[in-house]
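Working notes, beginning with the structure itself.
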Amino acid sequence: MKQGFIIAFLILSGLSGCSSCRENGQDFVSWEQYLVPESEYATAEDEIEVSFPVAEGPFAEQINGQIRQTILTFLGVSEETVSAAVDTLLSFRNNFSTLRHIPYTIIVNGEPSQFGHTASVILNLYQYLGGAHGIGTVSCLSFDTRTGKPRNPLSLFDNPDSLARLNRQFFLETAPEQAEHLFMPVGELPLPENMLLDSAGLHIFYDPYEIAPYSSGPTEYTIPLDDLRGLLREKIL
């Protein structure tokens, strides 16, 4: 198990009460966890653990389509379903004598959350298909619960430049040892490609190679909600 890229499976009891409901005047998306069945092409040496949140409700098809496409893009296979993509990767490996002996690792899991009118999913994605090392990434997806449309986390803030400055401050406080390995000066550190806002704050995820060499590993930290109060748009809740 590659612990650096794995989040425990979601406990759904608090989120899956109904397909579409309103509570305290706010919209909620409910979720189930889908577990991809064991592939007939897997060997005993393979590590295949693929599970991800599936939305329920009026915009489920739109939300689930985005989640599915994100996983398929990471796997690098064009298929209708994630299950079919896993089968394709394994069966392709099994058909070549030079690849057949390589155990594959494919791990996908995710966790949903909601903050105001924004429903979000963190997807943890890891695969090793041979080579020097595996590839792992975190992908954050956010949606407007009133329309089902993707939502850029930056749209939740009044001033992205102020947010970027705050992020640099927290980076230095959280990962000061990585500052000397950055590809750019700390004062030019960009906001990450993947971040997610929930009731705990803004979760920041930098993948390997995004701001520093692979040897530095991923960088993850959270800017508490109280530190974001002056930057958030008033109507996001």
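If the condition is being in contact with a strand residue (DSSP E or B) (Cβ under 8 Å, 6 or more places away or on another chain) and either farther than 20 Å from ILE106 by Cβ or not small (Gly, Ala, Ser) (or both), then the range 50-61 contributes VAL50, PHE52, PRO53, VAL54, ALA55, GLU56, GLY57, PRO58, PHE59, ALA60. Assessment of the range 150-173 against the conditions (within 30 Å of ALA55 (Cα to Cα) and modelled with pLDDT under 85) yields no matching residue. Looking for something closer than 27 Å to GLN69 by Cα, hydroxyl-bearing (Ser, Thr, Tyr) and touching a residue at least 24 places away in the same chain (Cβ under 8 Å) - is there at least one such residue anywhere in the range 187-205? For the range 187-205, residues closer than 27 Å to GLN69 by Cα, hydroxyl-bearing (Ser, Thr, Tyr) and touching a residue at least 24 places away in the same chain (Cβ under 8 Å): present. Exactly one residue among TYR104, TYR128 is open to solvent by 50 Å² or more (accessible area, probe 1.4 Å), farther than 30 Å from PRO58 by Cα and modelled with pLDDT of 90 or more, and that residue is TYR128.
Residues that are in contact (Cβ under 8 Å) with a residue 24 or more places away in the chain, within 18 Å of LEU141 (Cα to Cα) and under 16 Å from the mean Cα position of the chain (by Cα) are absent from the range 95-106.
The number of residues in the range 37-64 that are open to solvent by 20 Å² or more (accessible area, probe 1.4 Å), without any contact (Cβ under 8 Å) to a residue 60 or more places away in the chain and under 20 Å from VAL138 (Cβ atoms) comes to 3. What do you reckon, is PHE143 farther than 27 Å from ARG68 by Cβ and open to solvent by less than 20 Å² (accessible area, probe 1.4 Å)? So PHE143 does not fit the description; no. Take the conditions (1) open to solvent by 20 Å² or more (accessible area, probe 1.4 Å); (2) touching a Pro at 6+ places or on another chain (Cβ under 6 Å); GLY110 misses just one of them, which is (1).
Do we have any residue at all in the range 70-86 that's charged (D, E, K, R) and closer than 17 Å to ASP46 by Cα? Taking every residue of the range 70-86 in turn, none turns out to be charged (D, E, K, R) and closer than 17 Å to ASP46 by Cα.
Okay, residues lined up against (1) under 17 Å from the mean Cα position of the chain (by Cα); (2) at negative phi; (3) open to solvent by less than 60 Å² (accessible area, probe 1.4 Å); (4) not polar (S, T, N, Q):
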residue: SER162; (1), (2), (3), (4): no, yes, yes, no
residue: LEU182; (1), (2), (3), (4): no, yes, yes, yes
residue: GLY187; (1), (2), (3), (4): no, yes, yes, yes
residue: LEU196; (1), (2), (3), (4): yes, yes, yes, yes
residue: TYR221; (1), (2), (3), (4): yes, yes, yes, yes
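Quick one: would you say ASP207 is surrounded by 13 or more Cβ atoms within 10 Å (Cβ to Cβ) and at pLDDT below 90? Walk me through it before giving the result.
On the way: surrounded by 13 or more Cβ atoms within 10 Å (Cβ to Cβ): yes; at pLDDT below 90: yes.
Yes: the conditions hold for ASP207.
The values are calculated or read from the model by the stated rules, or taken from the named source; none is laboratory data. Since the structure is predicted, the reported quantities are computational estimates derived from the model, not experimental observations. Because the Cβ atoms are built from the backbone with ideal geometry, glycine has one as well, and the counts that use them run over all protein chains shown. Protein only, heavy atoms only, side chains kept; ligands, DNA and RNA dropped before computing areas. Shrake-Rupley method; radii C 1.70, N 1.55, O 1.52, S 1.80 Å.
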